[in-house]
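Undergrad: Please see the structure below; I have some questions.
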Amino acid sequence: MASTLPDPYPGTEGTDGTAQPPPDADRAAASRIEAHGIDHIPDSERRGRARDLFSVWAAGGINYLSLVVGGALILMGLSLWQALAVLVVGNLFWILTGWLSVSGPAAGAPSEVITRALFGVIGNRVNNAIVGWVISVCYFALNLSAAAVAAFSLVARVGIPVNTGVKAAVIVVIAALTLTISVYGHALIMKLYLPITLVLAAAFVVVAVVVFRHADFGYVPPHHLTGVDLWATVLAGVTLIASGPLSYTTSADFSRYLPRTTRKRAIVGWTALGGFLPGVVVSALGVLAATTVDMTDPQAALEKILPGWFTPVFLLALVLGTIAINALTAYSAGLALQAVGLRIRRSVSVLFDGTAAVALTLYGLLVSNFLDTVSNVMQLTVILLGPSMTIYATDIVLRRNRYDGVALTDESPGSPFWYRGGVNWAGAFSLLAGAAAAALCVNTLYFTGPVSAALGDVDLELPVGMVVSCLCYTLTMRRSVASRDVTAS
């Protein structure tokens, strides 16, 4: 039995307690809380077009943190054109995010369930607990803290003293708006994100005009990087940028309602384009701004060059962009919590995720420097995220994207995805091997791997972790996939 409880429509519960479709009504209407959690989406409820995915990913990509990481590349010592090249290369990893999306329509299931094919029913619970839930909640807290800082400035502008109580209230209000979208779910996301994308794009067009007027296109860093130092910085920058698309190993969550006949090329293309374009453009604004202002505090720096009348609009755009990206994060984190094995409704699991993230944010902003610590720890998440996404992408290739969505919801020992003791040891071994190899090559504030140290602090965690996990999974799983009749025809 699948570990999920669908959210019933009022007055439509069947005798078995499960949700029944109301007569002549769209079950996925944006005005209703989404009925499905991690259960299978039948063909009769599939809808939409691949191009609808563009605005979902674009709205999430036009955000404050993209400005931050863009400015960080200049602060790391790269020249203007080196930083822009790093942006393009790092954002190419959105292609992998797009590739993972094709499994959603094939299985009619979210990524959190499809990965049972990779790790087994029990092994996947561990995977969802760590890669799916813990990391998502930390990202939620980081994004929420960024939105809160912008909102604090807005509150101060209207003359309200920004004391501890006001800060806490602002954080809770932003989280409530975010979680409302996540709780209502997929249909509301699909309806809202196109207008959100247009509003954010309009705001950032103004930012772009101002930044272009002030940017120093002949910028040269004070200390010119060469040799090993240059390559170490370039690879660290690519890893920083790539951590964004790599964090969306859950992209099938938002494509699973598409008809199974939807073209794979269209799914990959619209998903990748939706992430790539804003990822490059908004981060490039951060790069250009850093050539003329100090981007160690991006919000304050940009306020110095923006027109006075536009500053409140800019701050609102920062908050809206963060709400958009966090709604996606909370939605997937809710599914991950169900996939861990907790039999709670998706709407309840989303609220649980939000509560945890708000607690982290309040502690970080009001009590300690916790979020600074989390931010640095996030650099280490690529150790897991790179191999995790690679194994998922490799499995889609090996199975030719043929997944039996109904079989994937079977969590009993008789399930074709039970493997041995509930664990697919090929997937578990490949993830551990890839993560171990990446750890040997990492270079962060807290830890430098021996391989990285021997190479002059060059951080190779991303390519090494992905290559090792891909090779291990292909060699250990290829024969198993060929011999098992576990895919849908």
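Undergrad: Which of W94, N163, L462 sits closest to the plus end of the dipole of the chain, meaning its Cα is farthest towards the positive end, when Lys and Arg get +1 and Asp and Glu get -1 on the C-beta?
TA: Projecting each Cα onto the dipole axis, the largest value belongs to W94.
Undergrad: What list of ³J(HN,Hα) couplings, whole Hz, do you get for segment 404-409 from phi and the Karplus terms 6.51, -1.76, 1.60, once you set θ to phi - 60° and write x for glycine and proline?
TA: 8, x, 5, 5, 5, 7
Undergrad: Could you tell me which of rounded, prolate or oblate describes segment 33-91, using a ≥ b ≥ c as the square roots of the eigenvalues of the alpha-carbon gyration tensor, with rounded for a/c under 1.5 and, failing that, prolate when a/b is larger than b/c and oblate otherwise?
TA: Prolate shape, in that a/c is at least 1.5 and a/b is the bigger ratio.
Undergrad: Using each residue's phi in segment 47-61, evaluate 6.51 cos²θ - 1.76 cosθ + 1.60 at θ = phi - 60° and report the 3J(HN,Hα) Karplus result to the nearest Hz, with x for Gly and Pro.
TA: 6, x, 10, 4, 5, 5, 6, 4, 5, 4, 7, 5, 4, x, x
Undergrad: Projected area of segment 180-252, taken from the Cα convex hull and averaged over every viewing direction, in nm²?
TA: On the way: hull surface 32.7 nm².
Dividing the Cα hull surface by four gives the mean projection, 8.2 nm².
Undergrad: Identify, among I38, N124, A83, the residue whose Cα sits farthest towards the positive end of the charge dipole of segment 34-138, taking +1 on the Cβ of Lys and Arg and -1 on the Cβ of Asp and Glu, with the dipole about the Cα centre.
TA: A83
Undergrad: Any idea which of S452, I62, V207 is furthest toward the positive side of the dipole for the chain, if Lys and Arg beta-carbons carry +1 and Asp and Glu beta-carbons -1?
TA: Towards the positive end, the residue furthest out is I62.
Undergrad: Please give the Cα centre distance for segment 109-175 versus segment 33-71, rounded to the nearest Å.
TA: Taking the Cα centre of segment 33-71 as reference, the centre of segment 109-175 is 16 Å away.
Undergrad: Quick one: with all protein chains in place, what share of the accessible area of segment 145-186 is carbon or sulfur, to the nearest percent (1.4 Å probe)?
TA: On segment 145-186, the fraction of accessible area on carbon and sulfur atoms equals 71 percent.
Undergrad: Starting from the amide H of D457, placed 1.01 Å from N in the peptide plane, find each other amide H under 5 Å away whose residue is 5 or more places distant or on another chain.
TA: Here the answer is none, since no amide H 5 or more places off falls under 5 Å of that of D457.
Undergrad: Explain nothing, just compute: Karplus ³J(HN,Hα) = 6.51 cos²θ - 1.76 cosθ + 1.60, θ = phi - 60°, for every residue of segment 263-270 in order, whole Hz, x for Gly and Pro.
TA: Karplus values, whole Hz, x for Gly and Pro: 5, 4, 4, 5, 4, 4, x, 5.
Undergrad: While we're here: Ranked from highest to lowest mean number of other Cβ atoms within 10 Å per residue, what is the order of the peptides 301-312, 95-106, 220-231?
TA: Descending packing order for the listed peptides: 95-106, 301-312, 220-231.
Undergrad: Run down the lysines and flag those whose C-alpha is under 30 Å from the C-alpha of K304, throwing out any fewer than 8 positions away in its chain.
TA: K167
Undergrad: Now, a different point. What order do R343, R478 take when sorted by accessible area (1.4 Å probe), most exposed first?
TA: Solvent-accessible surface, decreasing: R478, R343.
Undergrad: Right, here's the next one. Once the Cβ-Cβ distance between A85 and D457 is put in as r, and R0 is 30 Å, what FRET efficiency do you end up with, to the nearest 0.05?
TA: According to the calculation, E is roughly 0.90.
Undergrad: Translational diffusion coefficient of the chain at 37 °C, 0.692 mPa s, Stokes-Einstein with Kirkwood Rh over Cα pairs, in µm²/s as a whole number. Don't jump to the answer; show the numbers that get you there.
TA: On the way: Rh = 23.0 Å.
Value of D from the Cα-based Kirkwood radius: 143 µm²/s.
Undergrad: Within 10 Å, count the other beta carbons around each residue, average over each peptide in 161-167, 325-331, and list them highest first.
TA: 325-331, 161-167
Undergrad: Explain nothing, just the number: dipole magnitude of the chain about its Cα centre with +1 on each Lys and Arg Cβ and -1 on each Asp and Glu Cβ, in debye rounded to the nearest 20. If you can, show how the numbers build up before the last one.
TA: Values: 28 positive and 27 negative charges, 189 e Å.
Value, rounded to 20: 900 debye.
Undergrad: Tell me, how many Å apart are the Cα centres for segment 404-420 and for segment 297-361?
TA: 34 Å
Undergrad: Counting only helical runs of four or more DSSP H residues, what would the 222 nm mean residue ellipticity of the chain come to if each run contributes -39,500 (n - 2.57) and the total is spread over all its residues?
TA: Details: 22 runs with 314 residues, N = 489.
Calculated from helices alone, the mean residue ellipticity at 222 nm is -21000 deg cm²/dmol.
Undergrad: Further question on the same structure: If I fit a long axis through the Cα atoms of helix 80-91 and take the longest principal axis of the Cα atoms of the chain, what angle between them do I get, 0 to 90°, rounded to 10?
TA: Value to nearest ten degrees: 10.
Undergrad: Now a separate question. How big is the accessible area of C138 in square angstrom, nearest 10, if you roll a 1.4 angstrom probe over the protein chains?
TA: 30 Å²
Undergrad: While we're here: Can you list the lysines whose alpha carbon is less than 27 Å from that of K264, not counting same-chain residues fewer than 8 positions off?
TA: Cα-Cα hits under 27 Å: K191.
Undergrad: For the chain, what does the accessible surface come to per residue with a 1.4 Å probe? Please give it in Å².
TA: 40 Å²
Undergrad: Can you tell me which of 442-452, 422-432 comes out highest on packing, and rank the rest after it, using the mean Cβ neighbours within 10 Å?
TA: Ranked by mean Cβ neighbours within 10 Å, highest first: 422-432, 442-452.
Undergrad: Which value results for Rg/Rh of segment 220-349 when Rg is the Cα radius of gyration and Rh the Kirkwood radius based on the inverse mean 1/r?
TA: Taking Rg over the Kirkwood Rh, I get 1.06.
The values are calculated or read from the model by the stated rules, or taken from the named source; none is laboratory data. Being a predicted model, the structure only gives us computed values, none of them experimental. Neighbour counts are summed over all protein chains in view; Cβ atoms, including those assigned to glycine, are modelled from backbone coordinates with ideal geometry. Each accessible area value is taken on the protein alone, full model and side chains, heavy atoms only, with ligands, DNA and RNA left out. Shrake-Rupley method; radii C 1.70, N 1.55, O 1.52, S 1.80 Å.
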